[in-house]
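Participant: Starting off with a structure, shown below.
The values are calculated or read from the model by the stated rules, or taken from the named source; none is laboratory data. Note that the structure is a prediction, hence the values are computed from the model and not measured. Note: accessible area is taken over every heavy atom of the protein model, side chains too, but ligands, DNA and RNA are not part of it. Shrake-Rupley method; radii C 1.70, N 1.55, O 1.52, S 1.80 Å.
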Amino acid sequence: HVQLVESGGGSVQAGGSLRLSCAQYGGSFSMAWFRQAPGKGREGVAAHGTDGSTMYDDSVKGRFTISSNYAKNMLYLQMNNLIPEDTAMYYCAAGGSPAATLRLSKFGYWGQGTQVTVSS
């Protein structure tokens, strides 16, 4: 019964910024961002638990900031200093662990994805 809807993707030049949003309908689970580039597997980007904890993949530390407004069941990802390697479909996910995690097994709900393209 849970639905996730992402927005905010787009095309930017290297060094630019984007802010992704995810709305959670029908639930109040912890949420996270994953991404998948063509020909590659899905990888964790950043997570935000309902307990307030956060987690980042090393590839985005210092550049991306995850935040949430769980009173509104919203998740955000501020992406700064984007590089071409960030190009991927970004997915919002929701799961049942109060603590932030990027373990795929913790997430049972997924959004449709929003495309991020970074040009050199």
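Participant: From largest to smallest, what semi-axes in whole angstrom does the stretch 29-93 give when each is the square root of 5 times an eigenvalue of its alpha carbon gyration tensor?
Facilitator: Rounded to whole Å, the semi-axes are 21, 13, 10.
Participant: Moving to a separate point now. Using heavy-atom solvent-accessible surface (probe 1.4 Å) with all chains present, what is the largest-first order of Thr54, Thr101?
Facilitator: On the way: Thr54 70, Thr101 20 Å².
Largest accessible area first, the residues go Thr54, Thr101.
Participant: Okay, moving on. Please report, in whole Å³, the volume per residue of the convex hull around the C-alpha atoms of the stretch 1-60.
Facilitator: Expressed per residue, the convex hull around the Cα atoms of the stretch 1-60 is 121 Å³.
Participant: If you roll a 1.4 angstrom probe over the protein chains with everything in place, what fraction of the accessible area of the chain belongs to carbon and sulfur, to the nearest %?
Facilitator: Using a 1.4 Å probe with all protein chains present, the chain comes out at 49 percent carbon and sulfur.
Participant: What whole-number value in Å² describes the accessible area per residue of the chain for a 1.4 Å probe?
Facilitator: Heavy-atom SASA per residue in the chain reads 48 Å².
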